[in-house]
Structure formats: structure tokens, C-alpha cells
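Quick notes on the structure that follows.
The values are calculated or read from the model by the stated rules, or taken from the named source; none is laboratory data. None of these values were measured; they are calculated from a predicted model. When the accessible area is computed, the model is the full protein with side chains, heavy atoms only, and any ligands, DNA or RNA have been set aside. Shrake-Rupley method; radii C 1.70, N 1.55, O 1.52, S 1.80 Å.
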Amino acid sequence: MAEHRASLEGRWYVRRVSGLLPPGVTKRIGVGSGWTLLLGLPVAPFRVLGAQGAPSADRVLRYRVLPIRDELSPRADGSWEGRGLLLGLEFCRFRLEPR
């Protein structure tokens, strides 16, 4: 049985499921903040928040300078499923897989 990883802290591959998301995206996530990287270069800082009205394990990545947020839910296999929202409209779905 796979171990459940409820913590977001660490380094993650971003795997596109649908929508607009370029290849080569990763995330580096710390206790309350992190960065989205493109081809290894940091491009967008964010804060890590709990999701309002959602189960306590769900998280939101709210970008500091962009009108984007990622809504994340943990999966039983240790990865996270997410969706990216631009001004409240979904533009992609993805999975975060541990690096």
C-alpha cells in the first residue's frame, strides 16, 4: 500500500492532465510559501493556504503577483491533484508528483 503524504513541503513535478500548462514546470514548496519554476528557473512566488470550505487537507497556492491560484487535494498515492484558476476561471488540471 502506498504511503499517504499529506505535507506539501518539498519539490514536485507538475504533470499536465488538461488545459494550458507548459512542459518543464516544477514547484518548490516550504512551510507557508514556495515558487513555481519553469525549466528550473523560479518564475512565480506563492503563499500556501488552507482551502476555505474544503477538507482540512486541501490547500490553495495563491500567487503573489499574478491573478492565479492553484487548488490542491491530496491523493492516496502521495501525489496531489490540482486545478489552476485565472481570475476564478479554470485553465488547467494537473498532478503534483514528488521529485
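Over the heavy atoms of PHE91, what accessible area does a 1.4 Å probe trace out, to the nearest 10 Å²?
Number for this one is 60 Å².
Among [x] 12.4, 40; [y] 15.8, 48; [z] 18.1, 61, which one is Rg and Dmax of the Cα atoms in Å computed from these coordinates?
[x]
Quick one: which residues, 5 or more positions from ASP77 or on another chain, have an amide H under 5 Å from its amide H? H modelled 1.01 Å from N in the peptide plane, none for Pro or chain starts.
For ASP77, whose amide H was placed from the backbone, there are no distant partners under 5 Å.
Hey, what do the phi angles of segment 93-99 turn into as Karplus ³J(HN,Hα) couplings, whole Hz, using 6.51/-1.76/1.60 and θ = phi - 60°, x for Gly and Pro?
Going residue by residue, I get 10, 7, 10, 9, 10, x, 8 Hz, with x marking Gly and Pro.
What is the chain's relative contact order, in percent, from Cα pairs under 8 angstrom and six or more apart in sequence?
Relative contact order comes out at 28 percent.
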